[in-house]
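Where a number appears in this text, it was derived from the coordinates with a stated rule and is not lab data. As the structure is a computational prediction, the values presented were derived from the model and not from experiment. With ideal geometry, Cβ positions are generated from the backbone for all residues, glycine too; neighbour counts draw on all protein chains shown.
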Amino acid sequence: MHVSRAPAKRLLTKRIDPDYYAPQHLADEERLEGIGVITLGSVGKLFAGPFGSELPNSVFVEKGIPLFRVGNVGSMEVDGNNMAQIPLSLHQELSASEVLPGDLLIVKASVGEKICIIPETMERANVTQHIIGLHPNGSVDIHYVAAALFSEYGRRQQERRALGAIIQYLGVNDARTVLLPKLHSDAQEYIGNKVRKAEKLGAVARKTVANIELFHLALIPSFDFKKKKKNNRVSSLRLVERLDAEHYPAEVKDFFDGIVKCQRRTLGYCCTDIFTGSTLSESEYHSVYQTTVANLDTSFLRPPYRNVVSSKSLQKKIQNHDLLICAAAHNASYIGKDITYAVVEGTIIPSTEVIVIRPDHSKVPSSYVRTFLKTKIGFLSLQATVRGITAHAYPADISDVEIPMPVFDSKEEMHRWFKSDEEMVVAGHSFDAGLLLTTAARFLVEALIDLKITEADLIAALKDPTKDRELLSRLTPKGIDVPGEPPLFPDLDALFELLAEKETEVA
């Protein structure tokens, strides 16, 4: 509960709800106006996609024009997984909601959390009614705009303007009034460059991962799911204490019964360890990082991690090449949905709801195991391990999951197979650096509004690499100049080397 006295000049007749005049919102508005502002509506044309009745699932095609749904808009990045496609003819009918490279997307119901910019590699696309699109008019650096909206000030403004008792929903008209700091074009460019470099690194990482998956998929036998059986006769040799049918999916049995050029091995045989973490108390200050299911992603781990109190009997740490999966969920379908490849620096430990799979690199590369577990057969195999009404998976059951092990004719082929893990680590470093640069852009906007840095500092950093390094070195995982916190970028030399290396690489 709060009491707030709003001056008459700030009252809006269309917004008489008390939350709109919360003390934090009024303070944000006053602070922003103190440094000079522009509105989001002045940046370009805002619009939304058509009603759902115009885009039923029945219109989707295998190859067509990409359609952005809520799940395809990530946190300052495009998520291409499960991207729907619509026919060109339908896209032309819905031309009012066409989005082009450089357009900004905002998810209405995830205010301040899901924002992205259409990449240059995507010629055109369309959006659903749950997404706000913005065609920039060129007056402001759109990547700077994205960073400002992604900042705490941008997020709170979007929350303030959202409506709805249960689900907060940001409308197009209200979005137009969101305030952004009015900056010199050079200051905008400096912040925008951080987002552009993050996009570049993310695209390179995704391309590398996709190529590795294609390489491994060629080694995994195919399976025709149209010929699946309704009944499954299970050999007594494969029966365990589980007598539920879900534990013995017919498709998995038929797949392994039909493989010829691969050996059949369990994860228990192929791994040196499979384990979960434990519950530790949170710490106000940085002690040890712990990953939860919230950090699991389709490719690599996604910060921020929990700060937990370090234990004297510190449990097993996550290592490079470990595979992480969700071990507990209210919805069983989340178990095995994402297979996250670990590329870590420093000490990170798993929580109780995360299972760590550690392949034996003398037997199989982690990236191959990940690729198989991402297939439909792999997912069914993981789902077969689920126990209980509130779904759980346990290391002992995961160790019984089988994978097909390819047989190679030459050492060169096997060397290429194992080398894929080295490539995954490089991709992971690019992915992580991209996330950090996005965070840096957000923190720079917040620091500017908080008067911890000036517009002149940003302009100087754009023109002088030394000033750039000095500014980045002040950032921590909790903002700029936060005492007791580690640096956001542990190794600036490595960051700039990576940026130089990837500058000419085609994403």
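Tabulated values for the structure
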{"read-out": "Segment residue 211-residue 33, extension gain: residue separation times 0.36 nm, minus the distance between their alpha carbons", "value": "59.3 nm"}
{"read-out": "Cα shape, region 60-212, gyration tensor, a/c 1.5 rule", "value": "oblate"}
{"read-out": "Extension gain, residue 264 back to residue 61 (0.36 nm per residue minus Cα-Cα distance, nm)", "value": "69.5 nm"}
{"read-out": "Cα-based helix-to-principal-axis angle, 152-161 vs the chain, degrees rounded to 10", "value": "80"}
{"read-out": "Cα-based reach from residue 108 at 13 Å (exclusive), listing aspartates and glutamates while leaving out same-chain residues under 8 positions away", "value": "159, 174"}
{"read-out": "Helix axis angle, 23-35 relative to the chain longest principal axis, alpha carbon, degrees", "value": "60"}
{"read-out": "Gyration tensor verdict on region 289-374 (Cα atoms; rounded if a/c is under 1.5, prolate if a/b is larger than b/c, oblate otherwise)", "value": "oblate"}
{"read-out": "Partner aspartates and glutamates for residue 182 [C-alpha distance under 18 Å; skip if fewer than 8 residues away on the same chain]", "value": "28, 29, 30, 33, 141, 152, 446, 450, 455, 457"}
{"read-out": "Distance violations [Cα-Cα > 22 Å] among 194/502; 207/337; 200/363", "value": "200/363"}
{"read-out": "Global geometry of region 333-419, whether rounded, prolate or oblate, following the gyration tensor of its Cα atoms and the 1.5 cut on a/c", "value": "oblate"}
{"read-out": "Cut-off 16 Å (backbone N to label point 7 Å along Cα→Cβ of residue 218), residues of region 396-428", "value": "406-421"}
{"read-out": "Cut-off under 5 Å, modelled amide H: who pairs with residue 300 long-range", "value": "341"}
